[in-house]
Amino acid sequence: MTLAQSTGDKGQRLRELLTMRTVAVLGASNALTALQIERAGYEAVYVSGAAVSAARGLPDIGLISLTDMADEAGTIARAVTIPTIVDADTGYGPPSSVMEAVREFERAGVAGMQIEDQEEAKKCGHLQGKRIIPTGDMVAKIDAAVNARRNRNFLIVARTDARAVDGLEAAIQRALAYAEAGADMLFPEALLSPEEFGTFSLAMKKAGVQVPLIANMTEFGQTPYLSVDEFHALGYQAVLFPVSTLRVAARAVENLLSELKFFGTQRNWLDHMMTRQELYDLIRYEDGTASIRRSYAPDHARAARGQGTGSS
C-alpha cells in the first residue's frame, strides 16, 4: 500500500498513477455515473463543465457558478474512492477568484482543478471563435492557484486554447510559461493531428518540462480519434473522455422515449436496463440502509431505556 492509499490523499494518489501509466480519465456529470466509472475499473474521474452544463440543460459557455460546480464536484468526489479532477473553466474570474475556487474545490474533496486561458465568455474548446487572455494574465491565475492551495498535492491543471487562435507554436510557448508558473499538468486543447501532439510533447521534453501532459479525446471535435496507447506513445500521461458517458446515456434515453411513445410499453427495453437489484448494488443500497439503522439504533435504545425506567 502506498502512502497516498493509506492516508486517503487523492491528489497524491493521482500523481503516483501518472508516473506509472497513461490514465484514461472518464467524465461524469453526476455521482451515479462516477460510481459506474469506478466499478468499471477506471482510476480517475473528470467533472466536465460541458457535461454538467448539458445535464442541467445549459450550453457550455461558463454558466455554472463556482458554488454549483463545487457542490456537484463534491458530491461526485465523495461517491467514489478514485481521484476526481474538476473543470473550473476560466477560474471564475481574476486571480482572487481563482484562489477562492481552489479553496472551494479542496474543501469539496477533489484531487485537482483545471483552468483554461480563454476569456470569461468562454466557448467549448473545439468550437471556432474562441478568444484567449494574455499569457501574463493566465500566469497570474496559475500563480494564484498554486499559492492558494493548502494541500501541495492538489493538482493545478493548466489548459491552453491557443492552438485554434494563434497556432501550435503559440500553444507551446504558453504551456512553457504555465509550467514555469507552477502548473502541475499541461493540457493543450484541440490539437489537430498525432503529429501536433507529438510536436507539443517533444517541445516540453526538450525544454526540460517534466510535468504530466493530458490530452482531450472528446467526440465530434477537432482531434482525430486516438487510443490511450497511441497517446501514451506520443508522450501523454492522461487522456480525457469528458462527455462520452453523457452522450451515450442521452442517446439511449432518446431511443427509449421514442419506442415507448410508439408501442406504449417498455417491455422490449428490459434487457437494456439495469435491474432493480443491479442499481441497488451500484448505489450500495444495503450499506446505506444498514448505516441509517446503526445511526438510529442508539437513540431508539436510549428512548426504550428511558421509557422502561419511567414506567417502573
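The values are calculated or read from the model by the stated rules, or taken from the named source; none is laboratory data. For clarity, every value in this text was computed on a predicted model and none was experimentally measured. We place every Cβ from the backbone using ideal geometry, glycine too, and count neighbours over all the protein chains shown.
Regarding Val102, is this residue surrounded by 20 or more Cβ atoms within 10 Å (Cβ to Cβ) and over 20 Å from Leu240 (Cα atoms)? So Val102 fits the description; yes. Within the range 83-102, the residues that satisfy the criterion of being touching a helix residue (DSSP H, G or I) at 6+ places or on another chain (Cβ under 6 Å) and either more than 12 Å from Ala73 (Cα to Cα) or not in a loop (DSSP other than H, G, I, E, B) (or both) are Thr84, Val86, Asp87, Asp89, Gly91, Tyr92, Pro95, Val98, Met99, Ala101, Val102. The C-beta contact set for the range 23-44 (first residue outside the structural domain of Thr75 (by TED's automatic domain parsing) and acidic (Asp, Glu), second residue surrounded by 24 or more Cβ atoms within 10 Å (Cβ to Cβ) and at pLDDT 95 or above, distance under 8 angstrom, 6+ apart or interchain) is empty. Of everything listed in (1) in contact with a Lys or Arg (Cβ under 8 Å, 6 or more places away or on another chain); (2) outside any helix (DSSP H, G or I); (3) surrounded by fewer than 17 Cβ atoms within 10 Å (Cβ to Cβ), the single unmet condition for Lys123 is (3). Being in a helix (DSSP H, G or I) and either without any contact (Cβ under 8 Å) to a residue 12 or more places away in the chain or more than 22 Å from the chain's Cα centre (by Cα) (or both) is a property that Asp137 has. Quick check: anything in the range 169-178 in the same structural domain as Ala158 (by TED's automatic domain parsing), loosely packed, with under 15 Cβ neighbours inside 10 Å, closer than 17 Å to Gln237 by Cβ and modelled with pLDDT of 95 or more? Within the range 169-178, none of the residues are in the same structural domain as Ala158 (by TED's automatic domain parsing), loosely packed, with under 15 Cβ neighbours inside 10 Å, closer than 17 Å to Gln237 by Cβ and modelled with pLDDT of 95 or more. Scanning the range 181-200 for residues that are part of a helix (DSSP H, G or I), out of contact with any Pro (no Cβ under 9 Å at 6 or more places or on another chain) and touching a residue at least 24 places away in the same chain (Cβ under 8 Å) yields Ala181, Gly198, Thr199.
Of all the listed residues (Gln222, Gln307), the sole one being assigned to a loop (DSSP other than H, G, I, E, B) and at pLDDT below 95 is Gln222.
Taking the range 148-167 as the range and being outside any loop (DSSP other than H, G, I, E, B) and out of contact with any helix residue (DSSP H, G or I) (no Cβ under 7 Å at 6 or more places or on another chain) as the test, the residues that pass are Val157, Arg159, Ala164, Val165, Asp166.
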